[in-house]
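**Student:** Sending over a structure as structure tokens; questions will come in a sec.
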């Protein structure tokens with residue numbers, strides 16, 4: 001066993017873990033903000049808006065993340081228009097492409113989770129808000145969104161774990177997050193066992209932290225939904 | 001000229017599909033076994049199954065795949081050499097891919113099946129026991145048919161995720177749709193076209209699966225709706 005090589009490279013793992021956490025948190029933060037209005041739109045009376053959002057979520061939930069990532073990172077360079085545009089310095093960067101792909105992907109899943117909870121809100125709550133004369137905006141801000149978010153906590157918790165795990169794909173486009181670091185060490189030192197086991201252990205710990213965070217959030221904000229005897 | 005590449009990408013569809021089906025069968029078998037183990041009277045079985053489902057669900061698919069494809073053979077070869085055999089063990093990408101996906105989705109299936117088993121009314125089991133049915137017949141004739149209905153939504157979801165996750169095996173060198181798309185993208189310098197084609201293939205699998213499985217769900221729910229009225 002070559003655990004001393006892992007010990008020597010712990011600094012790289014720490015940097016990798018930092019990038020993994022950054023990718024996860026940034027993607028989740030952006031998608032959280034974007035998914036809320038999209039979830040409202042997904043249940044809107046406007047058929048065009050509703051179907052356009054449904055098409056977006058179908059396409060991004062129906063294709064592998066790896067395909068989406070390669071499509072954006074390698075695929076966009078096919079068009080001269082993109083390569084000559086002002087955005088090219090950003091779109092040629094692996095980090096930007098990775099975050100863009102992750103946001104597009106996780107927003108699709110989050111939108112469906114939020115929209116699903118929205119559909120299961122008791123009709124009475126919405127009717128009561130209307131009876132109080134709340135404007136559509138106040139209704140969304142004070143009734144729909146808070147109720148939607150608390151009801152989504154369990155599923156959204158799963159989605160954040162999925163996002164954490166999905167960041168491992170960033171290693172396929174040269175980023176050195178935990179998986180990328182493990183791959184590098186494996187190839188540089190010709191050892192196949194220890195680097196990947198270490199990476200797996202890091203992901204396990206990060207997953208555990210996320211799960212505990214969501215258990216706390218569940219307890220804190222969704223306690224009232226729990227059936228009591 | 002592009003036509004030839006398109007055909008070669010789509011012709012790899014059967015490799016993607018057979019990988020997906022082999023993994024699905026493995027996942028269902030492992031899932032049922034783990035679900036039964038989690039609900040069994042034996043403490044050892046319960047703890048082992050719980051440990052399996054939580055560890056597997058805490059590690060990214062890609063890392064799991066690298067562990068099975070690179071780390072496990074390295075470990076086995078090392079063990080063989082320690083015992084005095086001079087062999088080098090290697091897995092095929094297909095075998096390692098199917099084993100990994102079976103292992104990962106076995107854990108997700110276990111959760112789905114466990115939920116379904118727990119929702120079967122207890123009185124039915126007692127009635128079956130009172131009729132003197134053996135344990136195997138109770139499982140086969142009472143539990144399994146009802147489990148199919150209750151587990152179908154979760155099963156559908158797991159299958160859709162599994163079908164997309166097969167794209168990761170292209171990173172191990174399996175010549176599936178994604179691998180061929182990558183080859184075609186590099187050969188023709190048209191990455192967007194070919195990754196889009198690959199995306200379309202996975203989207204078609206998703207759409208067809210949703211169509212078939214939603215019909216199956218209607219079929220299994222026939223009797224229930226009648227009773228609930």
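The values are calculated or read from the model by the stated rules, or taken from the named source; none is laboratory data. In this text, all values refer to a predicted model and were calculated from it rather than measured experimentally. Cβ sites come from the backbone with ideal geometry, for glycine too, and all protein chains shown count toward neighbours.
**Student:** Using the structure shown, decide if residue A:103 is part of a helix (DSSP H, G or I), modelled with pLDDT under 95 and surrounded by 13 or more Cβ atoms within 10 Å (Cβ to Cβ).
**Tutor:** No; evaluated as a whole, the condition is false for this residue.
**Student:** State whether one or more residues within region B:86-100 are under 23 Å from residue A:161 (Cα atoms), within 14 Å of another protein chain (Cβ to nearest Cβ), at pLDDT below 95 and part of a helix (DSSP H, G or I).
**Tutor:** So far as region B:86-100 goes, no, none of its residues is under 23 Å from residue A:161 (Cα atoms), within 14 Å of another protein chain (Cβ to nearest Cβ), at pLDDT below 95 and part of a helix (DSSP H, G or I).
**Student:** I need every pair where a residue in region A:168-193 that is over 23 Å from residue B:165 (Cα atoms) has its Cβ under 6 Å from the Cβ of a residue that is assigned to a loop (DSSP other than H, G, I, E, B), sequence separation at least 6 or different chains.
**Tutor:** A:185/A:9; A:186/A:192; A:191/A:2
**Student:** So which residues in region B:51-75 are buried (at least 16 other Cβ atoms within 10 Å of the Cβ) and more than 8 Å from chain A (Cβ to nearest Cβ), if there are any at all?
**Tutor:** Within region B:51-75, B:52, B:53, B:56, B:65, B:68, B:69, B:72 qualify.
**Student:** Would you be able to say whether some residue in region B:37-50 is out of contact with any helix residue (DSSP H, G or I) (no Cβ under 7 Å at 6 or more places or on another chain), surrounded by fewer than 21 Cβ atoms within 10 Å (Cβ to Cβ) and over 26 Å from residue B:143 (Cα atoms)?
**Tutor:** Checked region B:37-50: no residue is out of contact with any helix residue (DSSP H, G or I) (no Cβ under 7 Å at 6 or more places or on another chain), surrounded by fewer than 21 Cβ atoms within 10 Å (Cβ to Cβ) and over 26 Å from residue B:143 (Cα atoms).
**Student:** In the list B:22, B:56, B:47, which residue meets the criterion of being closer than 17 Å to residue A:200 by Cβ and either in a helix (DSSP H, G or I) or modelled with pLDDT under 95 (or both)?
**Tutor:** B:56
**Student:** Name the single residue, out of those in region B:160-195 being surrounded by 21 or more Cβ atoms within 10 Å (Cβ to Cβ) and under 23 Å from residue B:218 (Cβ atoms), that is nearest to the other protein chains (Cβ to nearest Cβ).
**Tutor:** Within region B:160-195, the match that is nearest to the other protein chains (Cβ to nearest Cβ) is B:163.
**Student:** Hey, among the residues in region A:67-91 that are more than 12 Å from every other protein chain (Cβ to nearest Cβ) and assigned to a loop (DSSP other than H, G, I, E, B), which one's surrounded by the fewest Cβ atoms within 10 Å (Cβ to Cβ)?
**Tutor:** Looking at residues that are more than 12 Å from every other protein chain (Cβ to nearest Cβ) and assigned to a loop (DSSP other than H, G, I, E, B), I get A:86.
**Student:** Residue B:13 fails exactly one of the following numbered conditions: (1) surrounded by fewer than 19 Cβ atoms within 10 Å (Cβ to Cβ); (2) out of contact with any helix residue (DSSP H, G or I) (no Cβ under 8 Å at 6 or more places or on another chain). What is the number of that condition?
**Tutor:** The one condition residue B:13 does not meet is (2).
**Student:** In this structure, does residue A:57 turn out to be away from every other protein chain (no Cβ under 12 Å) and farther than 30 Å from residue B:187 by Cα?
**Tutor:** Taking the combined requirement at face value, the residue does not satisfy it.
**Student:** Return yes or no: is residue B:123 in a helix (DSSP H, G or I) and either within 12 Å of chain A (Cβ to nearest Cβ) or exposed (fewer than 14 other Cβ atoms within 10 Å of the Cβ) (or both)?
**Tutor:** When the stated conditions are applied, residue B:123 passes them.
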